[in-house]
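Asker: Below is a structure I'd like to ask you about.
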Amino acid sequence: MARNEKARLLILGGTTEARRLAELLSTEEGLCVTSSLAGRVARPSLPPGEVRIGGFGGVEGLGRWLTEHRVDALIDATHPFAGTISFHAARAAATAHVPLLALRRPSWVPGPGDDWRPVGSLAEAAGALAALGGRPRVFLTTGRMGLAAFAALDEAWFLVRSVDAPEPPYPARTETLLDRGPFTLDGEREILRRHRIDVLVTKDSGGAATAPKLTAAREAGIPVIVVRRPAVPAGVPVVATPGEAADWAADRVARQLPGDASAEGSG
């Protein structure tokens with residue numbers, strides 16, 4: 001990197017943590033931040049700084065973008081279930097020789113009184129629902145993607161909550177609730193009561209914004225089918241908070257400052 005040129009950081013975002021990270025870094029001297037959003041939400045909350053929307057075209061496309069834009073560091077702050085882009089990021093960063101960090105909010109942990117039933121996928125969640133028998137009333141909070149996994153469950157009734165309206169295929173007996181977190185405990189209690197919910201299905205997204213539904217389910221004695229999150233690609237360092245990620249980025253910037261001997265001759 002030429003002297004007096006800002007270091008370039010790419011954030012793979014779309015999460016609350018990614019927006020917070022962009023805010024923390026927006027005043028960082030010597031750093032140019034670009035946030036990349038997948039474009040799956042119609043009206044996303046845009047972070048400060050430069051923003052690009054849309055995919056990269058797989059591993060090769062992302063690697064090419066990193067090289068052409070001379071990116072100095074990459075932070076994967078995508079949703080814990082955005083597994084494909086995370087593995088693309090790991091491979092592209094390795095190819096382009098760009099340092100990579102993963103920012104992941106901690107997983108939820110069951111507490112006393114919780115009736116959690118962990119599964120490994122949406123398909124397994126659908127199987128767990130079928131195993132309940134009867135005609136359960138399901139609060140489905142896994143988002144609008146992947147509803148096809150539940151489409152064959154004709155006996156169940158689903159309340160599907162998502163930011164944007166889902167597209168078929170989805171279960172025949174479905175009511176849609178369009179809403180965006182954070183959610184309150186009182187609000188979640190009311191949803192369970194009003195819709196006479198028998199079972200909650202969720203992904204282990206972690207974080208406080210959508211956690212009140214778990215407390216409401218525990219209070220109501222409702223079982224929770226929890227889809228386990230995929231692992232971060234092997235070898236990628238992980239931090240849990242935007243502050244930790246900002247410190248990592250600031251350290252990268254410090255290494256690139258003009259006159260920093262550590263920057264001279266580095267690869």
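Asker: Just how large is the dipole of the chain about the Cα centre, in debye to the nearest 20, putting +1 at every Lys and Arg Cβ and -1 at every Asp and Glu Cβ?
Answerer: Rounded to the nearest 20 debye, it is 520 debye.
Asker: Given points 7 Å out from each Cα along the Cα-Cβ axis, report the ASP179 to ARG228 separation in nanometres with one decimal.
Answerer: 3.0 nm
Asker: On to the next question. Fewest Cβ neighbours within 10 Å first, please rank SER26, SER35 accordingly.
Answerer: Ascending Cβ contact count within 10 Å gives the list SER26, SER35.
Asker: Take ALA254, project a point 7 Å from its Cα along the Cβ direction, then tell me which residues of the stretch 13-52 have their backbone nitrogen under 19 Å from it.
Answerer: Correct set: 24-32.
Asker: Could you state the angle between the C-alpha long axis of helix 242-256 and the longest principal axis of the C-alpha atoms of the chain, as a value from 0 to 90 degrees rounded to the nearest 10?
Answerer: 20 degrees
Asker: Average the reciprocal distances over every distinct pair of alpha-carbons in the chain, invert the result, and give the Kirkwood radius in Å.
Answerer: Answer for the chain: a Kirkwood hydrodynamic radius of 20.1 Å.
Asker: Restricting to Cα pairs below 8 Å that are 6+ residues apart, what does the relative contact order work out to for the stretch 116-227? Please round to a whole percent.
Answerer: It comes to 31 percent, rounded to a whole number.
Asker: Taking the number of other C-beta atoms within 10 Å as the exposure measure, put VAL238, VAL253, VAL201 in order starting with the fewest.
Answerer: VAL238, VAL253, VAL201
Asker: Moving on. At a Förster radius of 22 Å, what calculated FRET efficiency corresponds to the Cβ-Cβ distance of VAL109 and HIS195, to the nearest 0.05?
Answerer: Using R0 = 22 Å, I get an efficiency of 0.25.
Asker: Something else about it: Would you mind telling me which residue in HIS69, HIS97, HIS79 has the biggest mean-square fluctuation in a Gaussian network model of the chain, where springs connect alpha carbons within a distance under 10 angstrom?
Answerer: Of HIS69, HIS97, HIS79, the Gaussian network model singles out HIS69 as fluctuating most.
Asker: Relative contact order of the chain, please, whole-number percent, based on alpha carbon pairs below 8 angstrom and at least 6 residues apart.
Answerer: Reported as a whole number, the value is 21 percent.
Asker: Now, a different point. Between ALA209 and THR27, what length in nm is gained on full extension when 0.36 nm per residue of separation is reduced by their alpha carbon distance?
Answerer: Gain on extension, ALA209 to THR27, equals 62.9 nm.
Asker: Counting every Cα pair in the stretch 1-124, what percent are over 22 Å apart?
Answerer: For the stretch 1-124, the fraction of Cα-Cα distances above 22 Å is 41 percent.
Asker: Are there any GluC sites (Glu not before Pro) in the stretch 23-53 that are in a DSSP loop and have at most 15 other Cβ atoms within 10 Å? List them by number.
Answerer: Here the GluC sites (Glu not before Pro) that fit, given the DSSP loop and packing criteria, are GLU29.
Asker: How long are the semi-axes of the equivalent ellipsoid of the stretch 116-227, defined as square roots of 5 times the Cα gyration tensor eigenvalues? Whole Å, largest first.
Answerer: Taking √(5λ) for each Cα gyration eigenvalue gives 19, 16, 14 Å.
Asker: Please compute the modelled spin-label separation between THR95 and SER121, points set 7 Å along Cα→Cβ, answer in nm with one decimal.
Answerer: Spacing of the two 7 Å Cα→Cβ label points: 2.6 nm.
Asker: A further question on this structure: From the helices alone, meaning DSSP H stretches of at least four residues, give me the mean residue ellipticity at 222 nm for the chain, per-run term -39500 (n - 2.57), in deg cm²/dmol to the nearest 500.
Answerer: Mean residue ellipticity at 222 nm (helix-derived): -9000 deg cm²/dmol.
Asker: For the chain, set up a Gaussian network in which alpha carbons nearer than 10 Å are linked by springs, and say which option among GLY146, GLY134, GLY39 fluctuates the most.
Answerer: GLY134
Asker: Give me the one-decimal nm value for the distance between modelled label points at GLU167 and GLU5, 7 Å along each residue's Cα-to-Cβ direction.
Answerer: Output for this residue pair reads 4.0 nm.
Asker: Taking the 0 to 90 degree range and rounding to the nearest ten, how far is the long axis of helix 16-25 tilted relative to the main principal axis of the chain, both from C-alpha atoms?
Answerer: 20 degrees
Taken together, the values in this text are just the output of simple stated rules run on the coordinates, not laboratory data. Just so it is clear, the model here is predicted, and its values are computed rather than measured. Don't worry about glycine lacking a Cβ; one is built from the backbone with ideal geometry, like all the others, and counts go over all protein chains shown.
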